[in-house]
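The values are calculated or read from the model by the stated rules, or taken from the named source; none is laboratory data. These numbers come from a predicted model, not from an experiment. We place every Cβ from the backbone using ideal geometry, glycine too, and count neighbours over all the protein chains shown.
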Amino acid sequence: MNPADQADELTAEGYPTGASGPTVYYRAGPATSDQLRPIRRALAGWARSLGATEDTVEAITLATDEAMSNVVSHAYLGRTGEFELRADLAPAAGRIEITVRDQGRWQSARTPDPRHGRGLTLIRALAERSGIDRTAAGTTVRMSWPLAAD
């Protein structure tokens with residue numbers, strides 16, 4: 001199945017329900033930029049279906065796109081690889097939690113570039129909570145937002 005079709009299927013068919021509530025899971029390989037638009041669209045629809053505000057939907061979409069774009073642009077320099085996206089509603093906490101994971105290698109900025117280098121700052125600004133784990137096995141970006149507006 002084409003990864004873009006998989007994201008559209010999530011929108012059309014609903015979302016599997018896990019122990020902690022509605023979940024979206026997406027795994028794509030090789031990670032390419034053409035996959036991102038349908039995933040963003042599916043993710044935005046999912047967040048709206050949970051009752052997230054439009055401001056929250058926009059923050060989720062932009063921050064998650066940035067995390068996925070970082071995988072495509074930086075994780076697999078000179079080779080191909082995949083990424084995973086998992087979005088969960090944690091009903092007990094009243095939060096939407098999103099994880100983007102790759103099996104690539106962390107790439108530190110080599111030289112300052114005015115066109116790049118703001119992604120992690122953007123993620124931190126958009127998500128109420130965020131964290132980045134860098135290991136030899138890959139990078140994991142975790143982000144979360146409250147479902148209800150304060």
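Points worth noting:
- Looking only at segment 24-55, and only at residues there that are basic (Lys, Arg) and within 13 Å of the chain's Cα centre (by Cα), the one that is nearest to ASP102 (Cα to Cα): ARG27
- Note on segment 62-84: residues that are over 15 Å from SER130 (Cβ atoms) and of a type outside the set (Asp, Glu) total 13.
- Selection over segment 90-105 of residues that are among the basic types (Lys, Arg), farther than 22 Å from ALA47 by Cα and crowded, with 19+ Cβ neighbours inside 10 Å gives a count of 0.
- The set of residues from segment 106-143 being modelled with pLDDT under 80 and either of a type in the set (S, T, N, Q) or in a strand (DSSP E or B) (or both) comprises GLN107, SER108, THR111.
- When each of ALA67, ALA87 is tested for being crowded, with 22+ Cβ neighbours inside 10 Å and in a strand (DSSP E or B), the lone residue that passes is ALA87.
- Taking the numbered list (1) within 15 Å of the chain's Cα centre (by Cα); (2) surrounded by 15 or more Cβ atoms within 10 Å (Cβ to Cβ); (3) modelled with pLDDT of 90 or more in turn, GLU58 passes all entries but (2).
- For ALA47, the requirement of being closer than 25 Å to ARG118 by Cβ, part of a loop (DSSP other than H, G, I, E, B) and in contact (Cβ under 8 Å) with a residue 24 or more places away in the chain is not met.
- Test for TRP106: is it of a type outside the set (D, E, K, R), without any contact (Cβ under 8 Å) to a residue 40 or more places away in the chain and over 16 Å from LEU126 (Cβ atoms): yes
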